[in-house]
1. Could you figure out which of (1) within 14 Å of chain A (Cβ to nearest Cβ); (2) surrounded by fewer than 22 Cβ atoms within 10 Å (Cβ to Cβ) isn't true of B:A201?
2. Can you work out which of the residues in the range B:217-258 that are within 16 Å of B:V42 (Cα to Cα) and acidic (D, E) is nearest to the other protein chains (Cβ to nearest Cβ)?
3. Looking at A:G199, A:G209, can you tell me which residue is at pLDDT 60 or above and within 14 Å of chain B (Cβ to nearest Cβ)?
4. Starting from the range B:63-83, take each residue that is free of Cβ contacts under 8 Å to residues at least 24 places away in the same chain and more than 9 Å from chain A (Cβ to nearest Cβ) and list its partners that are of a type in the set (S, T, Y) and surrounded by fewer than 24 Cβ atoms within 10 Å (Cβ to Cβ), counting only C-beta distances under 6 angstrom and pairs at least six apart or across chains.
5. Only one of (1) buried (at least 22 other Cβ atoms within 10 Å of the Cβ); (2) not in a loop (DSSP other than H, G, I, E, B) fails for A:D71. Which number is that?
6. Listed residues A:R45, A:R63, A:R90; which is closer than 20 Å to B:R67 by Cβ, among the basic types (K, R) and more than 14 Å from the chain's Cα centre (by Cα)?
7. Checking A:A87 against (1) within 14 Å of chain B (Cβ to nearest Cβ); (2) surrounded by fewer than 23 Cβ atoms within 10 Å (Cβ to Cβ); (3) small (G, A, S); (4) in a helix (DSSP H, G or I), which single condition isn't satisfied?
Amino acid sequence: MHEQAFRFGAARHLVGVVGLPPVIEHGVGMILLNAGMVYRVGPFRLHVELARRLNSLGYPTLRFDQSTIGDSGASGQRLSRPEQVLADVRDAMELLKQQSGCTRFVLFGLCSGAQNAHSTAYVDQRVAGAFFLDGYGHRTLGQRVRHYLPRLLSLSVWRQRFARRRTPVAARPAEPAFEVEPLPPKIVRAQLAEMLHRGLKLDFIYSGGVARYFNHVRQFRECFGRLADHPCVSVSYFKEADHTYVLSGDRQRLLDHVAQWMGHHFPITRTGSSA
Amino acid sequence: MKARIEAELPFYFGPGKELFGFYHPAAAVTGTAVLLCPPFGVEQIRCHRLYRQLAHSLAESGLPVLRFDYFGTGDSAGDSHAFEWPRCLADVATAAAELRLRHGGGRLLAFGARLGANAALAAAQTARLDGVVAWDAITDGAALVRQYDSMEASLKVDLNRFEVARPDLDVSTQWPGFETSERLRSQLLELRLLDPGIASAWLTSSSPDEASRLGEPYASRQVGVDVAPRWDDVNGLELAILSHPLLEAARRHLKEMA
């Protein structure tokens, strides 16, 4: 493993860690975006573990903090947040290109990171693929049936409900949470179609932690119709996992999945290089 | 301000360049520098922003600062289950030497939260520290182990987090968020608070958990701070700890020691 820390960006306001494989070839590198406000190591160090796994397989990586998150400062530019995100990811691509020579990039984003990966992938031609974890999706009739029907038929749920009525349970206090601002489904679908038209490979991963809006792999088709059939789209539902992959076994399964997907879509042709 | 932030440097250091560090330079005012020792596991991630803010605040007031990650944590090399107490203490000494090298010698103080405080106190002699400000230092290692076990037990059946409760097998070798080892468990079970025999200040949160409740002789010297980090709350694993009163208290005590 070879990792190096950088301060970079137009205003030298960004901080990140580049990880390089033993042999570097011009190919595809992965950029890991912040998951909500969690700094670049990711929830429970997910991004560190993923970056190192990919480095060992031959892919260069950059995990970094976007403007005003983690160790990164403000750029001082008058940009809207979406514009700033795009500028930051472009700075990140430039750094990884300088350090590894790769000219195409796969973005990895969880929750708000998925949203940022989506918006960047839509406009930047250098993005060759993306992982969207608990990203866009919306409730459907099928989701509601799958969610409510088992509860209606479950004796234990009814028992709990009656018990709660007798002994009121304090509601869990509202906490700041990772939330993805919903973009109208029609726009999301059109933008995804455009990305696929450009040849991007897209992997949608949903966890059981967002069952409130996505609860079955089939729901992707309910949300995005024929896009589900596109050969460059893959969809997974990690039902057991929570939103931030707090259990190490769940993280390992996620890492295995990402490594396998990368190997399929951006295969390493020899040690340290990807096609 | 902008120029100062630009001068802050992330880098790797130590033997094999295994440790990640972040140096915050400052115009030499007192000849004293501060080492920030992070807590462990999920607490390290929750405190990241707070440590950064403290580093900025101290550097602005003329104290150079080094933040760093122990082996097996944060951006440093090593898997999470490789974190061990003896290595952690060695890393404090390595980081202290690095800070001395960068700021040119002089007095060295340390700040640490939770196990970070214990690490600074336990390594004070080898790291040649001149003073330590501790926040919710662990006074009872066995209580901390019980707390982590209890949090993990609550976590696996937390239906706000999981669709279905997880079996024991999925959580058996873990504390919230991270793999652990039998070695670390044994090391923490033995952990007691050590009086460093140097200048020290003892900051305590408004409602300390069992693991960090200060007894004599420290209780009379403790300084209460209006902050509720909820160290033992499994619902707070993803919540960053931000506290102006804590920053102020830590800065004030470090400045007084400088």
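1. Failing condition for B:A201: (1).
2. B:E238
3. Exactly one residue qualifies, and that residue is A:G209.
4. Close Cβ pairs satisfying both conditions: B:G72/B:S80.
5. (2)
6. A:R45
7. (1)
Every residue, every condition in (1) within 29 Å of A:R212 (Cβ to Cβ); (2) of a type outside the set (S, T, N, Q), yes or no:
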position: B:R166; (1), (2): yes, yes
position: B:W175; (1), (2): yes, yes
position: B:L184; (1), (2): no, yes
position: B:Q187; (1), (2): no, no
position: B:E190; (1), (2): no, yes
position: B:L193; (1), (2): no, yes
position: B:A201; (1), (2): no, yes
position: B:S205; (1), (2): no, no
position: B:D209; (1), (2): no, yes
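The values are calculated or read from the model by the stated rules, or taken from the named source; none is laboratory data. What you see is a predicted model, and the numbers here were worked out from it, not measured in a lab. Counting neighbours? That spans all protein chains shown, and the Cβs are built from the backbone with ideal geometry, glycine included.
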